1. Residue-wise, which Karplus ³J(HN,Hα) couplings in Hz belong to the range 207-217, taking 6.51 cos²θ - 1.76 cosθ + 1.60, θ = phi - 60°, and x for glycine or proline?
2. For a test of understanding, tell me how many lysine pairs in the chain have Cα atoms under 17 Å apart, given they are 8 or more places apart or on different chains.
3. For the range 115-137 and the range 78-104, what is the centre-to-centre distance using only Cα atoms, to the nearest Å?
4. Per the Debye formula with a single identical scatterer at each Cα and no solvent contribution, what log10 I(q)/I(0) holds for the range 46-181 at q = 0.12, 0.15, 0.16 Å⁻¹?
5. For the chain, how big is Rg over Rh, using alpha carbon atoms and the Kirkwood form of Rh?
6. Could you please rank Arg82, Arg192, placing first whichever residue has the fewest other Cβ atoms within 10 Å of its Cβ?
7. Over all directions, what mean area does the Cα convex hull of the range 107-235 project, stated in square nanometres?
8. If you place +1 on the Cβ of every Lys and Arg, -1 on the Cβ of every Asp and Glu, and leave all else neutral, what size is the dipole of the range 8-152 about its Cα centre, to the nearest 20 Debye?
Amino acid sequence: MDPRQLFIDKRHTGMCVYCGTYPDTGDHVPSKVLLDEPYPLELPVVGACRRCNASFSLDEQYLACFVDCVICGDAEASDAHRPNVKRILEDNPALRYRIEDARKRDEADNLLWETEADRIRNVVLKLARGQAAYELYPKLEEPSIVGFAPLQILSDDRRFAFEQVAGGDRIGLWPDIGSRSFRRAFGKSPDRLPFSGGWVVVQPDRYRYGVVETGGVLVRMVLSEYLACEVVWDC
Ligand SMILES: [Zn+2]
């Protein structure tokens, strides 16, 4: 078997990676709203149906804006770091007010943000399904874990463990033969995305992910070097 070749298992293509129906279209993972222009030369694309492709857009917009607002400390369009977010906040005052409303102060005057956890979970799971399908194979079933938290609140030990996506104690488990993950393990990149320490860097400081075959599948993602996300399928 030549590890330089990509042999996508045909059982794993020809379906929407989010719901399993016929894929009318291709979906970028991550969606461009989570990235900045100029976009990377090559973005992962997976099969998706039109309904799924459209159904995540509002939650993805919310998450992109929410993360940038938390990093900036307010929900003013003029303060947004990211041009995409600035544009969305200008065009969508309802979303801006909603995020502004989530900004609270506790009794000690510390800034707190109330998350819309269901919407964030929806996007995190969608992204993980996309990355798993791109690197290994689709995972349509419900995962056992969908977690997300700011990187900065992880203890040193948890942060260290989170960053380990390159095998570690999982040595001996090989990615599916011929998958993109398999090719990366052999140092033969299947695309033009930088790969380092188990992480695929889609855009520096904006989005990186790692996918590990564990007997199940583990997907980790970091958005804007702020939001650490983890999704686990046990088998
Ligand atoms: Zn679908």
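The numbers here are math on the coordinates, done by the rules we state, and not lab data. Just so you know, these numbers come straight off a predicted model, no measurement behind them. Virtual Cβ from ideal backbone geometry, glycine too; neighbours counted across all protein chains shown.
1. 7, 9, 8, x, 10, 10, 7, 10, x, x, 9
2. Step by step, the pairs that qualify in the chain add up to 4.
3. Their Cα centres are 23 Å away from one another.
4. Result of the Debye calculation: -0.65, -0.95, -1.03.
5. Radius of gyration over Kirkwood radius for the chain works out to 0.98.
6. Ordered from fewest to most neighbouring Cβ atoms within 10 Å, Arg82, Arg192 come out as Arg192, Arg82.
7. For the range 107-235, the mean projected area of the Cα convex hull comes to 9.0 nm².
8. Here the size comes out at about 600 debye.
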